[in-house]
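This report refers to the structure that appears directly beneath it.
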């Protein structure tokens with residue numbers, strides 16, 4: 001009951017269930033696929049480390065999805081609680097202690113996440129198994145001794161649930177800030193969060209990004225010599241610099257978003273939208289970085305394979321048939337890889353839509369004030385859409401830039417020695433696809449909340465609790 | 001929605017805000033609430049009018065209808081020569097933007113805008129550049145209201161009284177036809193209350209600003225030049241300036257009369 005009072009309606013936790021479910025389904029399907037590949041390679045008599053490699057690859061992809069899910073859940077919980085600080089303060093006034101309220105939030109969120117992930121994993125495994133059975137039946141896959149339920153499914157579900165619990169712990173920090181006195185005071189404008197020291201974060205981020213960039217540069221140079229070391233170095237460099245970007249995101253992303261939103265105009269709806277986009281730097285960073293990770297992954301693979309294909313095009317000593325075959329293999333692998341990483345983008349997108357909607361609901365009263373002061377319904381819609389544009393455009397552009405760089409560097413490290421100069425490629429159709437997805441996301445994230453916002457009469461909105 | 005469409009206001013040119021047989025009903029059937037039940041009243045240009053009444057008397061509905069924030073169920077409302085009851089949401093919004101200044105009980109300011117931006121919001125919304133004279137007026141208001149060293153602050157960094165003064169500055173800045181104040185002192189301590197009421201009276205007397213204030217506080221209403229009393233959605237009193245004691249007695253007599 002406490003969790004219901006702090007977190008409110010089930011709809012507000014719906015995102016957690018959906019995200020955990022998606023993550024679970026992804027893990028389930030990926031593990032089934034990896035088992036199929038492993039059994040096949042075993043049957044083919046490969047004694048090599050294919051199984052191990054597949055396991056590692058699947059784990060990395062699942063880990064990325066879990067990470068993105070955790071970021072989304074932190075944001076979801078944080079947003080819900082930000083909108084309920086008054087009610088939490090009232091509970092504190094009536095005698096609840098902050099620790100137990102926070103515990104209730106964590107338990108509630110974890111329960112929902114556990115239910116979501118269980119459903120997701122079962123669905124994922126079921127779909128994976130059915131696909132396999134159909135493929136075997138159609139002779140597209142050899143018959144074999146495939147496990148129905150992959151061994152790692154259980155641990156994967158547990159990992160997702162633990163990540164959700166941790167995320168809700170991080171996201172519920174604000175519960176501790178609500179003081180009982182706030183329930184009594186008439187101050188309805190929340191006092192600003194005290195700035196936290198960020199010099200350690202700045203140094204750590206700069207160090208990681210710098211080191212990662214150096215390693216990536218070295219990897220690109222190694223690529224010219226044709227050792228396998230180059231690609232491993234590129235992977236390590238990408239991981240180190242990527243971690244650095246995640247650590248430092250909070251310092252950079254709000255500024256990028258502020259800069260983007262300045263391009264949207266300077267009339268009142270744009271001004272208020274721009275301020276709202278960076279109102280809470282933490283939340284801004286999280287909802288943007290989820291998308292950045294997704295877009296970066298998709299673009300990295302798309303750009304990497306585009307670079308490989310354009311490089312392969314110029315390789316000597318291949319017959320026309322061989323060249324066509326190589327291109328075909330690269331194209332298919334590219335598609336498969338992009339399908340594998342696109343799930344993280346979907347999870348981030350779900351989180352983005354949810355954060356935008358909740359943010360607008362919590363601003364009901366503020367929107368009522370704006371309407372009373374003379375914002376037309378259209379201006380309120382514009383304001384919400386522009387806020388969504390500022391955040392998602394920043395994420396898409398930032399993610400694309402990162403992905404193009406990572407993809408090209410990875411390809412250069414892998415096959416630099418086969419081509420003169422730097423290997424790079426621009427996956428045109430994919431970039432257009434990502435941009436279109438970005439536009440759709442903006443519409444999805446702003447249409448529903450803005451319709452709801454303008455449907456409420458200013459009188460009712462001004463009376464809203466908050 | 002209303003008969004007599006297109007007929008100009010029956011009231012004289014000096015009537016800034018006029019209600020004619022206004023009814024506002026919430027809900028329907030036996031549970032319907034008549035928040036306003038046949039209210040006819042005219043507020044002329046200039047002056048400070050207080051609208052009094054116990055809780056549930058229809059004060060807030062009066063103000064929402066006067067501001068075009070709420071539709072009427074029947075009757076006519078004219079604001080600054082325009083028939084509010086015939087305008088759609090957009091036209092009412094624009095009229096509000098141009099002719100009405102607001103001071104609410106709480107949550108008056110846009111939290112993401114600083115003090116100066118909040119004060120200038122009406123100009124921004126009307127996409128109007130400030131003339132030199134308007135700029136001087138805004139500077140004067142900010143100075144008089146003691147906000148000069150706060151212009152760059154966000155509302156969250158101000159006390160309740162300061163926030164209310166910013167709201168008053170915003171309401172007066174664009175020189176609207178009318179300033180509507182809804183329980184403007186409801187959340188303030190005694191000293192800040194007196195200050196805010198004094199400011200409103202000064203605005204009415206010295207700047208000729210028309211002000212309509214809704215309140216249930218006899219002390220607040222005693223600052224006004226005219227006191228309207230609502231009870232159960234009807235206008236039951238229309239008085240010149242009164243002392244707090246007189247107003248309190250008047251209110252008590254209505255409460256007892258109803259009992």
task: Ignore the peptide's own chain and count Cβ atoms of other chains within 10 Å of each Cβ in B:179-191; give me the average, rounded.
output: 1
field: Cα shape, the stretch A:16-121, gyration tensor, a/c 1.5 rule
entry: prolate
query: Taking the alpha-carbon centroid of each part, what is the distance from the stretch A:120-154 to the stretch A:59-100 in angstrom?
result: 36
field: Value at 222 nm in deg cm²/dmol, rounded to 500, when DSSP H runs of n ≥ 4 in chain A each add -39,500 (n - 2.57)
entry: -28000 deg cm²/dmol
message: Once you order the gyration tensor axes a ≥ b ≥ c over the Cα atoms, which shape class does chain B get: rounded for a/c under 1.5, otherwise prolate or oblate by comparing a/b with b/c?
response: oblate
- request: Return the tail of the calculated pair distribution for the stretch A:199-466, meaning the percent of Cα-Cα pairs more than 27 Å apart.
  value: 47
- request: Output the antiparallel fraction of DSSP beta bridges having both residues in chain B, as a percent to the nearest 5.
  value: 55
- request: Two decimals is fine: what's Rg over Rh for the stretch A:1-186, C-alpha atoms, Kirkwood radius as Rh?
  value: 1.17
task: Using packing as a proxy for protection, rank B:65-74, A:52-61, A:310-319, B:228-237 so that the peptide with the highest average count of other Cβ atoms within 10 Å comes first.
output: B:65-74, B:228-237, A:52-61, A:310-319
task: Sort out for me the Cα centre separation of the stretch A:280-295 from the stretch B:24-69, rounded to whole Å.
output: 47
field: Segments A:31-41, B:140-150 sorted - mean Cβ within 10 Å per residue, highest first
entry: A:31-41, B:140-150
Peptide B:89-97 - average C-beta neighbours from other chains (10 Å radius): 4
statement: Of all C-alpha pairs within chain A, those more than 31 angstrom apart amount in percent to 49
- prompt: With Rg and the Kirkwood Rh both taken from Cα atoms, where does Rg over Rh land for the stretch A:350-466?
  reply: 1.25
task: Please tell me the relative contact order of chain B in percent, rounded to the nearest whole number, where contacts are Cα pairs under 8 Å and at least six residues apart.
output: 26
- prompt: Which angle between 0 and 90 degrees, to the nearest 10, do you get for helix A:364-373 versus the longest principal axis of chain A when only C-alpha atoms count?
  reply: 70
statement: To the nearest 10 degrees, the tilt of helix B:132-144 (Cα long axis) against the first principal axis of the alpha carbons of chain B is 90
query: Among bridges DSSP assigns within the protein assembly as shown, what percent are antiparallel (round to 5)?
result: 55
query: Per residue of chain B, what 222 nm ellipticity follows from adding -39500 (n - 2.57) for every DSSP H run with n ≥ 4, rounded to the nearest 500?
result: -11000 deg cm²/dmol
message: Averaged across A:374-386, how many Cβ atoms of other chains sit within 10 Å of each residue's Cβ atom?
response: 3
- prompt: To the nearest 10 degrees, how steep is helix A:50-82 against the longest Cα principal axis of chain A, on a 0 to 90 scale?
  reply: 10
- request: Please list B:246-253, B:165-172 highest first by mean number of surrounding beta-carbon atoms within 10 Å per residue.
  value: B:165-172, B:246-253
- line: In Å, the Kirkwood estimate of hydrodynamic radius for the stretch B:127-259 over Cα pairs equals 16.3
field: Relative contact order, percent, chain A [alpha-carbon distance under 8 Å, six or more residues apart]
entry: 21
- prompt: Quick one: Kirkwood hydrodynamic radius for the stretch A:238-337, alpha-carbon pairs, angstrom, one decimal?
  reply: 16.7
query: Among rounded, prolate and oblate, which fits the stretch B:184-246 when a ≥ b ≥ c are the square roots of the eigenvalues of its C-alpha gyration tensor, a/c under 1.5 means rounded, and a/b larger than b/c means prolate?
result: oblate
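Rule-based calculations on the coordinates, nothing more; no lab input. Only a predicted model underlies this, so the values are computations on that prediction, with no experimental measurement involved. Because the Cβ atoms are built from the backbone with ideal geometry, glycine has one as well, and the counts that use them run over all protein chains shown.
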